[in-house]
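Here is the structure we will look at.
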Amino acid sequence: MVYQLIYYSRNTVDGSDREMLTNLREILAKSQHNNSRDGITGYLIFDKTWFIQILEGDRDAVTTTYQRIATDPRHSSASILNTRDVKDRLFPNWTMAGALRTPEMQEVYLEHGIGGAIDPTRLTSDQVVRLALDLHQFEQNKRLRHAS
Ligand code: FAD
């Protein structure tokens, strides 16, 4: 079994879109480094207001990582949406995938009934999982289109 933890938090970093992107890249680079060491995979949904993250792996490793993340000053008020044991990882090949919300992704958000600002306090963990999988697929398809 794999332990899965989903939380959301408030982004406390102000700045332009470019600064947001730099912030995301820094967080993802550090996450990928640490998570590959700790056997953790997952996905980070990110906009100017919120982070929503799925962490999956060994229970102790996920718990330790979440405790470290929760004290990071780049966000606040981290709230766990759900923890559960699942059979398989959702993102087995991704030590941490993630995407900043951009206008081109709007169609994916709309398919999930999110036309305006996302409000993670009103989302269920299953809705987060479905959104993350579709955002990830969208990004993968975009990469394939650019590569061909
Ligand atoms: P170092 O990188 O050496 O950092 C030492 C301390 O400085 C830490 O307390 C760190 O929080 C703080 N720090 C580092 N850079 C900055 C900065 N630019 N601004 C402010 N404080 C800073 N880490 C993971 O390992 N896995 C994850 O999946 C993961 N997801 C994250 C998701 C979000 C939304 C955020 C905000 C952070 C995430 N992090 C993740 C980063 C995590 O919070 C810690 O910063 C990181 O794990 C610390 O790594 P380290 O022990 O190598 O310490």
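The values are calculated or read from the model by the stated rules, or taken from the named source; none is laboratory data. Since the model is a prediction, treat every value here as computed from it, not as a measurement. Please note: Cβ atoms are built from the backbone with ideal geometry, for glycine as well, and neighbour counts cover all protein chains shown.
For residues that are more than 15 Å from the chain's Cα centre (by Cα) and under 17 Å from residue 26 (Cα atoms), scanning just the range 60-76, find the one that is farthest from the ligand (Cβ to nearest atom). Among residues in the range 60-76 that are more than 15 Å from the chain's Cα centre (by Cα) and under 17 Å from residue 26 (Cα atoms), the one farthest from the ligand (Cβ to nearest atom) is 71.
The set of residues in the range 1-17 being in contact with a helix residue (DSSP H, G or I) (Cβ under 6 Å, 6 or more places away or on another chain) and surrounded by 18 or more Cβ atoms within 10 Å (Cβ to Cβ) consists of 3, 5, 6, 8. Every listed requirement among (1) near the ligand (Cβ under 9 Å from one of its atoms); (2) buried (at least 16 other Cβ atoms within 10 Å of the Cβ); (3) modelled with pLDDT of 95 or more; (4) among the aliphatic types (A, V, I, L, M) is met by residue 96 save one, (3). Within the range 120-148, the set of residues being over 16 Å from residue 86 (Cβ atoms) and touching a residue at least 60 places away in the same chain (Cβ under 8 Å) comprises 120, 121, 123, 131, 135, 136.
Summed over the range 6-24, the residues that are in contact with a Leu (Cβ under 9 Å, 6 or more places away or on another chain) and more than 10 Å from the ligand (Cβ to nearest atom) give a count of 4.
Kindly evaluate residue 24 against the criterion of being surrounded by 14 or more Cβ atoms within 10 Å (Cβ to Cβ) and in a helix (DSSP H, G or I). Yes: the conditions hold for residue 24.
This table checks each residue for (1) within 27 Å of residue 105 (Cα to Cα); (2) surrounded by 12 or more Cβ atoms within 10 Å (Cβ to Cβ); (3) among the acidic types (Asp, Glu); (4) in contact (Cβ under 8 Å) with a residue 40 or more places away in the chain.
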{"position": "19", "(1), (2), (3), (4)": "yes, no, yes, no"}
{"position": "29", "(1), (2), (3), (4)": "yes, no, no, no"}
{"position": "41", "(1), (2), (3), (4)": "yes, yes, no, yes"}
{"position": "46", "(1), (2), (3), (4)": "yes, yes, no, yes"}
{"position": "49", "(1), (2), (3), (4)": "yes, yes, no, yes"}
{"position": "58", "(1), (2), (3), (4)": "no, yes, yes, yes"}
{"position": "65", "(1), (2), (3), (4)": "no, yes, no, no"}
{"position": "73", "(1), (2), (3), (4)": "no, no, no, yes"}
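Looking at the structure I just gave you, is residue 40 near the ligand (Cβ under 10 Å from one of its atoms), touching a helix residue (DSSP H, G or I) at 6+ places or on another chain (Cβ under 9 Å) and either at pLDDT below 95 or under 19 Å from residue 129 (Cα atoms) (or both)? When the stated conditions are applied, residue 40 passes them.
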